Amino acid sequence: TFLVLISSLATLIAIILQLEPVLWKICHWLGSLFNKLKIQGQEHIPRKGAALIVANHVSFIDWLMITIAARRPVRFVMHYTYFSLPG
């Protein structure tokens with residue numbers, strides 16, 4: 001039981017330290033669970049450096065689709081009224 005506790009603690013620390021890739025995997029799993037995605041133009045998104053990705057419409061799942069397609073850390077800008085919505 002001591003080894004299980006140590007192993008669980010080490011796993012938790014590793015997940016916390018590598019949270020972004022884990023969240024990306026979860027988002028990718030959720031997106032592929034609900035949608036059949038066809039990603040085009042992914043090669044145009046640079047792996048490093050600044051990039052501006054703009055969705056062509058407003059939807060409450062755009063963040064998920066962009067996160068899945070980008071395969072890199074993504075930050076979002078939104079109107080404060082959306083940010084203050086519950087959930």
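If the viscosity is 0.890 mPa s and the temperature 25 °C, what translational diffusion coefficient in µm²/s does Stokes-Einstein give for region 40-82 when Rh comes from Kirkwood over Cα pairs?
In µm²/s, the coefficient rounds to 213.
State, to one decimal in nm², a quarter of the convex hull surface area for the C-alpha atoms of the chain, i.e. the direction-averaged projected area.
The directionally averaged projection comes out at 8.5 nm².
What ranking do 7-20, 38-51 get when scored by the average of other Cβ atoms within 10 Å per residue, highest first?
In descending order of packing, they fall as 7-20, 38-51.
PRE reach from R71 (point 7 Å along Cα→Cβ): which of region 43-63 fall under 11 Å by backbone N?
Only 43-47 pass the distance filter.
A short reminder: the numbers here are calculations on the coordinates, not readings from a lab. Quick caveat: nothing in here was measured; it's all calculated off a predicted structure. So basically every Cβ, Gly included, is an ideal-geometry build from the backbone, and we count neighbours across all protein chains shown.
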